[in-house]
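Contents: one structure, followed by commentary.
Each value in this text was obtained by applying a stated rule to the coordinates, not by laboratory testing. Computed from a predicted model, the values in this text were never measured in an experiment. As a convention, Cβ positions derive from the backbone with ideal geometry for all residues, glycine included, and neighbour counts pool all protein chains shown.
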Amino acid sequence: MRRSMLFLPGNNPNMLINGNCFGADAVIFDLEDAVSPQEKDAARILVRNTMRYMDFNGCEMIVRINSIDTDYWKKDLDSLLPEKPAIILLPKTCTPEDVLLADEYMTQVEGKCGIEKGTVGLMPLIETALGVENSYRIASCSNRVKALFLGAEDLTADLQCKRTKEGREIEYARTRLVVAARAAGVDVYDTPFTDVNDDAGIVEDAKTAKELGFTGKASISPRHVETINAVFSPTQAEIDYAYEVMGAITLAKQMGKGAISLHGKMIDAPIVARAERTISMAEALGLDRRDINE
């Protein structure tokens with residue numbers, strides 16, 4: 001279950017050693033934007049040792065390597081892939097060829113380390129206009145691709161527009177990525193909300209992302225993790241309704257019907273699929289129905 005993903009700067013020992021304390025479903029060890037060129041080597045070693053010796057208590061480990069147009073990305077993979085992160089976050093992914101190049105080199109490194117091919121997944125970070133337009137091809141070009149991730153800061157720079165809290169400038173990119181990811185059968189993650197002091201803003205931004213169909217949302221601040229987890233978790237009302245739907249459809253089957261009315265609405269296959277996902281998510285989170293807050 002990956003509702004929240006928290007960025008941890010690869011050159012910040014305090015953040016790294018406390019990364020398992022913030023409640024995120026996944027942590028992203030950042031070797032790219034958070035790390036200056038002169039600190040790349042040290043950060044790579046620091047992240048490697050953190051992954052090797054720290055217990056993250058089931059929190060998924062993701063590594064954002066440097067982009068493939070730099071001299072750093074192969075060194076990142078050489079150092080970090082042997083530690084078997086769940087996902088490599090590939091920044092500035094613009095074309096399927098970018099993914100395939102990373103995939104090919106990851107296969108080489110896995111082979112050298114005796115790791116089964118394809119063990120480590122890929123998550124393309126879409127942060128250019130070209131990447132948005134190629135999003136379905138990117139999502140479907142390799143079995144390693146497990147999700148798409150929208151990066152709004154670089155994207156709005158590429159679009160030559162202002163990044164705002166309201167996010168109207170990224171509406172198209174958000175919906176485009178959700179459609180592309182779902183069509184390809186992979187997950188999709190929303191960009192971080194960057195005002196760490198706006199508690200109301202992160203709630204609204206996370207709700208917008210969920211309503212659009214995002215699987216979860218990234219964060220650059222530990223204080224946003226709890227809100228993101230809450231928004232992307234099923235509510236008591238959603239859980240109760242899901243069980244009602246499953247009860248209704250069971251009754252319909254007993255009556256030999258393919259659909260049935262519940263509270264004045266027809267319950268058919270798409271509604272049932274949504275209910276099944278809600279119940280599955282609640283079970284995966286270990287939530288008792290009585291413990292879920294609206």
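Ignoring lysines fewer than eight residues from Lys92 along the same chain, the ones with Cα atoms less than 16 angstrom from its Cα are Lys74.
Cross-link partners of Lys257 among aspartates and glutamates, defined as those whose alpha carbon lies under 17 angstrom from its own and excluding same-chain residues fewer than eight positions apart: Glu244, Asp268. Full extension of the chain between Asp55 and Val196 yields a length gain of 48.1 nm, computed as 0.36 nm times the residue separation minus the alpha carbon distance. In this label model, Asn12 and Thr107 are separated by 3.7 nm, measuring between points 7 Å along each Cα→Cβ vector.
Rounded to the nearest 500, the helix-only mean residue ellipticity at 222 nm of the chain stands at -14000 deg cm²/dmol, with each DSSP H run of n ≥ 4 adding -39,500 (n - 2.57). Remark on Lys92: its backbone amide H falls under 5 Å from those of Leu125, Glu127, a criterion applied only to residues 5 or more positions apart or on other chains, H modelled at 1.01 Å from N. Rounded to the nearest Hz, the phi-derived 3J(HN,Hα) couplings of the stretch 239-253 under the Karplus curve 6.51 cos²θ - 1.76 cosθ + 1.60 (θ = phi - 60°) are 5, 4, 5, 4, 5, 4, 4, 5, x, 5, 6, 4, 4, 4, 5, where x marks glycine and proline. Cross-link pairs exceeding 24 Å in C-alpha to C-alpha distance, out of Lys40/Lys84; Lys117/Lys210; Lys146/Lys210; Lys165/Lys217, comprise Lys117/Lys210. Note on the chain: with a GNM built from Cα contacts shorter than 10 Å, the maximum mean-square fluctuation among Leu212, Leu89, Leu101 falls on Leu101. Classification of the chain by its C-alpha gyration tensor yields a prolate form. The axis ratio a/c (a ≥ b ≥ c) is 1.5 or more, and a/b outweighs b/c. Around the amide H of Ile68, modelled in the peptide plane, lies no amide H under 5 Å away from a residue 5 or more places distant or on another chain. The GluC sites (Glu not before Pro) of the stretch 109-181 that DSSP puts in a loop, and whose beta carbon has at most 14 other beta carbons within 10 Å, are Glu116, Glu166. Sequentially through the stretch 199-216, phi angles give Karplus couplings (6.51, -1.76, 1.60; θ = phi - 60°) of 5, 6, x, 5, 4, 5, 5, 5, 4, 4, 4, 5, 5, 6, x, 5, 6, x Hz, Gly and Pro residues having no value and appearing as x.
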